[in-house]
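Taking it in order: structure first as structure tokens, then the write-up.
The values are calculated or read from the model by the stated rules, or taken from the named source; none is laboratory data. This is a predicted model, so every value here is computed, not measured. Counting neighbours? That spans all protein chains shown, and the Cβs are built from the backbone with ideal geometry, glycine included. To get the accessible areas, we keep the full protein, side chains included, count just its heavy atoms, and leave off ligands, DNA and RNA. Shrake-Rupley method; radii C 1.70, N 1.55, O 1.52, S 1.80 Å.
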Amino acid sequence: MNITETTQDNVSRVELEGRFDANTCGTVEQFIREKIKEGMLQFVLNMEKVPFIASAGLRVVLVFARELQMNKGNLCLANLQPNVLRVFEISGLKNAMRIFDDMESAARSFND
Amino acid sequence: MIWKVPPEASTIDIANSCFPNLQFYEIIMQRLSFDFPASTVNLAKIGELAAHAGQKAGFSNVNIGDIQVAIDEACTNTIIHGLEKDSTRMFQLIIQWDAGKIEILIHETGVSFDPESIGLPDIEAPLEDRSAGGLGIYLVRKLMDEVKYSTDEDGVKTLYMLKRVK
């Protein structure tokens, strides 16, 4: 799993590249945990280059989304590939999570 | 390595002797069997094999994705819960298919785990009430047509999953 990040207007844009499974979820978890420690509260995960997600990946996304929401922060997702979106849908997380078609709509949602 | 397993000579003999006037159809199932250490490093490759098998069995791309999720969740459960991520321990993964269906079997001798005992997550719940656990086995049950778990008298546990092309 490769992770690249840029910060713009207090929003951390995290681009993930690779499978998001039990083997790689720890890398993502650690990365976001570090950013939260640095004081970051708003995240958009760019999932464009994530071809596969398993429940281990869902769990990381769910845990941070919930934690940030409780601390007046936010985590949303953008650019999900159809099969990845399907896993969110079957798990009932499609409606529970904030999911956007592209990075710009995701970033804009923080101003609403 | 992929190979065809033709019926054994004795099977052909008995079919011919019982029904000498009937043409019988060979049931040829392709089968891949591996012993893997209890480590998550092989999950990506296992997903590739599942995609290959699913394609050969005639599944749509969406259903191949479903099979990949199910096999990933089942192996992850075995690695993390059954074998406690101890990479000196092994599990056997069998993927077998013919035109129309795929079967996946996982044999291991780790900690007992009955998928039936895991409660279903409340998938309608809002974010703050959602539990992060139980999603893996929920996905397996949801995405496959049949899921069975058994333990034989030697303590070998088997998770069996089947999906049919619709």
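What does the net charge come to around B:G65 if you take all other residues with beta carbon closer than 14 Å to its beta carbon, with K and R at +1 and D and E at -1? Its environment carries a net charge of -2. Its relative contact order, with pairs defined as Cα atoms under 8 Å and 6+ residues apart, puts region B:43-151 at 27 percent. Once the C-beta distance of B:A125 and B:N16 is scaled by a Förster radius of 41 Å, the resulting FRET efficiency is 0.10 to the nearest 0.05. Sparsely packed loop sites in region B:72-166 (the GluC sites (Glu not before Pro) outside DSSP H, G, I, E and B with at most 11 other Cβ atoms within 10 Å) comprise B:E84, B:E124, B:E153.
Which of the trypsin sites (Lys or Arg not before Pro) across region A:20-94 are loop residues per DSSP, with 16 or fewer other Cβ within 10 Å?
On the way: sites: A:R33, A:K35, A:K37, A:K49, A:R59, A:R66, A:K72, A:R86, A:K94; in loops: A:K72.
Taking region A:20-94 and a limit of 16 other Cβ atoms within 10 Å, the loop trypsin sites (Lys or Arg not before Pro) found are A:K72.
Of the GluC sites (Glu not before Pro) found in region A:22-112, the ones in coil according to DSSP and having at most 15 other Cβ atoms within 10 Å of their Cβ are A:E38.
A Förster radius of 35 Å, combined with the Cβ-Cβ distance separating A:D101 from B:S39, puts the computed FRET efficiency at roughly 0.45. Taking label positions 7 Å along the Cα-Cβ direction at both A:T7 and A:L41, the computed distance is 1.4 nm, reported to one decimal. Near A:D102, once Lys and Arg are set to +1 and Asp and Glu to -1 for all other residues with Cβ below 11 Å from its Cβ, the sum equals -2.
By its C-alpha gyration tensor, with a ≥ b ≥ c as the square roots of the eigenvalues, how is chain A shaped: rounded for a/c under 1.5, else prolate for a/b larger than b/c, else oblate? Taking the square roots of the gyration eigenvalues as a ≥ b ≥ c, chain A is rounded.
Taking θ as phi - 60° and the Karplus parameters 6.51, -1.76 and 1.60, the scalar couplings of region A:6-11 work out to 10, 10, 9, 6, 6, 10 Hz in sequence order, x denoting glycine and proline.
Would you mind calculating the relative contact order of chain A from Cα pairs under 8 angstrom and at least 6 residues apart, reporting the percent as a whole number?
Details: 178 pairs, mean separation 27.7, N = 112.
Once normalised by length, the contact order is 25 percent.
Based on DSSP H runs of at least 4 residues, each adding -39500 (n - 2.57), what is the mean residue ellipticity at 222 nm of chain A after dividing by all its residues, to the nearest 500 deg cm²/dmol?
Working: 5 runs with 48 residues, N = 112.
Result for chain A: -12500 deg cm²/dmol, rounded to the nearest 500.
Figure note: B:L105, A:L85 ranked by solvent-accessible area, largest first, 1.4 Å probe, ligands and nucleic acids not counted: A:L85, B:L105. Put simply, chains A and B cover up around 2000 Å² of each other's accessible surface, both sides summed, when a 1.4 Å probe is used. Exceedance of the 21 Å cut-off in Cα-Cα distance is limited, within the set A:K94/B:K148; B:K45/B:K85; A:K49/B:K85, to A:K94/B:K148; A:K49/B:K85. In summary, the aspartates and glutamates within cross-link reach of B:K157, defined as a Cα separation below 19 angstrom excluding same-chain residues under 8 places away, comprise B:D35, B:D72, B:E73, B:E84, B:D86, B:E103, B:E108, B:D114, B:E116, B:E146.
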